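Take a look at the structure below.
Every number in this text was worked out from the coordinates using simple rules, so none of it is lab data. Keep in mind the model is a prediction, meaning the values are calculated, not measured. Glycine gets a Cβ as well: all are built from the backbone with ideal geometry, and neighbour counts include every protein chain shown.
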Ligand code: MG
């Protein structure tokens with residue numbers, strides 16, 4: 001358990017994550033839920049959770065905090081993060097809480113907070129929530145004002161309907177293709193809804209890691225090194241495509257028909273390709289997302305807007321600039337027509353629509369898209385030390401474009417590096433992109449050495 005001691009409670013703008021039994025205790029959970037209930041001023045709050053084994057414990061602590069603050073709880077059971085977001089919006093609730101630690105390992109759990117519009121809390125609301133906790137400004141009711149707990153509601157069907165009813169998704173066109181699809185749900189919240197959506201779209205579906213028991217059989221991030229079983233299954237089954245998601249199914253990654261993982265950066269690229277071919281409009285992504293997005297946008301003559309990393313930031317920018325599609329390079333696809341949240345299911349439906357319309361295999365579609373090489377490194381380092389190092393690097397840079405919106409992004413004519421502190425883990429991320437693997441790795445090494453002296457790595 002020694003390894004846990006260095007993990008503090010990680011609070012970001014729109015959520016909190018911690019280690020169960022260490023930093024994420026029932027007391028902490030009740031405080032956060034009570035503060036959120038106070039922030040919402042009572043009303044109805046939708047609560048859903050991913051499949052983690054700690055989920056029920058966290059759920060009951062969340063209920064206690066919310067009900068004590070006078071909120072009525074609408075439980076929707078095991079649900080993906082986008083399902084909870086959509087449920088809040090459609091039920092016209094005051095807010096929502098998703099119990100999940102997203103892609104963090106099994107021993108983590110956490111809360112994601114959603115406002116009455118079904119989107120993550122922004123910086124302003126997040127600061128208010130922190131203030132309620134820091135100064136103990138909870139509005140707890142007396143016995144007569146305690147909130148009620150409603151009977152559980154299943155929102156899976158409504159989420160699927162919202163996707164198939166979308167203007168850009170033509171169910172009949174996709175159904176006619178009878179795509180052979182493999183889906184890897186990491187035994188998470190996508191285990192039930194993802195195969196059901198694919199079934200609705202007329203796909204011949206093979207499910208792997210589809211037991212919703214919260215025991216993650218692979219690394220929970222849907223990155224290439226964690227989805228090797230999916231790649232093999234796509235090859236063995238002669239499938240058209242493979243999909244993988246993280247435990248709360250807001251991130252999607254795709255495997256092509258040859259069994260090659262195309263990289264989670266390409267989820268937003270493929271979705272943008274489909275959307276822009278029907279609807280010309282701006283694209284909104286974060287600063288770390290691949291430059292391929294710019295290339296696709298140029299093709300359609302539309303602008304790309306970039307925000308700080310994090311769904312709340314991307315969504316705020318997308319709403320302000322009226323983007324027609326957006327997301328994050330970590331596999332997050334946001335289609336405003338359905339809702340303002342990263343949604344693996346939406347990304348899968350848009351990709352199948354693209355394949356159906358083009359009548360081409362995924363490898364053929366990808367051939368038509370430029371390829372850059374991205375490296376993503378993470379270094380465990382304290383927040384204080386990381387900030388000092390980033391400042392030092394910034395002071396040394398000259399002769400290239402620098403963006404300090406989120407950490408430090410250094411943009412060279414044909415490559416870039418983005419160095420930023422994670423909001424959810426005590427790590428620094430060093431992300432680079434260049435025309436070749438060698439150049440990208442070289443750029444990464446150049447900046448990683450500020451954090452890890454060469455020879456220690
Ligand atoms: Mg997630």
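Over region 255-315, the hull volume per residue, using the convex hull of the C-alpha atoms, is 89 Å³. Among rounded, prolate and oblate, which fits region 21-101 when a ≥ b ≥ c are the square roots of the eigenvalues of its C-alpha gyration tensor, a/c under 1.5 means rounded, and a/b larger than b/c means prolate? Oblate, because a/c is 1.5 or more while a/b does not exceed b/c.
Estimated from the Cβ-Cβ distance and a Förster radius of 60 angstrom, the FRET efficiency linking residue 146 and residue 196 is about 0.95. Taking a ≥ b ≥ c as the square roots of the eigenvalues of the alpha-carbon gyration tensor, the chain is classed oblate because a/c is 1.5 or more while a/b is no larger than b/c.
Computed over the Cα atoms of region 76-211, what is the ratio Rg over Rh, Rh following Kirkwood? Mind dumping the intermediate values first?
Working: Rg = 18.4 Å, Rh = 17.5 Å.
Here the Rg-to-Rh quotient is 1.06.
Taking the radius of gyration and the Kirkwood hydrodynamic radius from Cα positions alone, what is the Rg/Rh ratio for region 373-448, to two decimal places? It would help to have the intermediate numbers written out before the result.
Working: Rg = 11.9 Å, Rh = 12.5 Å.
Expressed as Rg/Rh, it is 0.95.
By the count of other C-beta atoms within 10 Å, a proxy for reagent exposure, 268, 163, 410, 146 are ordered fewest to most as 146, 410, 163, 268.
If you take the Cα centroid of region 152-210 and the Cα centroid of region 220-237, the two points sit 18 Å apart.
Given the convex hull over the Cα atoms of region 328-408, what projected area results after averaging over all orientations, in nm²? Mind dumping the intermediate values first?
Details: hull surface 34.9 nm².
Computed as one quarter of the Cα hull surface, the answer is 8.7 nm².
The Cα trace of region 158-367 gives Rg and Dmax of 15.6, 46 Å, the first to one decimal, the second as a whole number. When each of the peptides 212-219, 25-32 is scored by how many other beta carbons lie within 10 Å of its residues on average, the order from highest to lowest is 25-32, 212-219. Tell me whether region 237-282 comes out rounded, prolate or oblate; compute the Cα gyration tensor, take square roots of the eigenvalues as a ≥ b ≥ c, and use a/c under 1.5 as the rounded threshold. Oblate shape, in that a/c is at least 1.5 and b/c is the bigger or equal ratio.
Between residue 320 and residue 379, the distance separating the two model label sites (each 7 Å from Cα on the Cα→Cβ line) works out to 3.1 nm. Dividing the convex hull volume of the alpha carbon atoms of region 2-154 by its residue count gives 100 Å³ per residue.
Computing FRET efficiency as 1/(1 + (r/R0)^6) for residue 368 and residue 452, where r is the C-beta to C-beta distance and R0 is 30 Å, gives about 0.20. Look at where the Cα atoms of region 238-262 and of region 412-454 average out, and the two centres are 25 Å apart.
Looking at region 4-76, what % of its DSSP beta bridges pair antiparallel, to the nearest 5? Taking every DSSP beta bridge with both residues in region 4-76, the antiparallel ones total about 35 percent.
For the chain, give the share of DSSP beta bridges that are antiparallel, in percent and rounded to the nearest 5; count only bridges with both residues there. Walk me through the numbers on the way to the answer.
Numbers: 43 of 72 bridges.
Approximately 60 percent, going by the DSSP bridge assignments.
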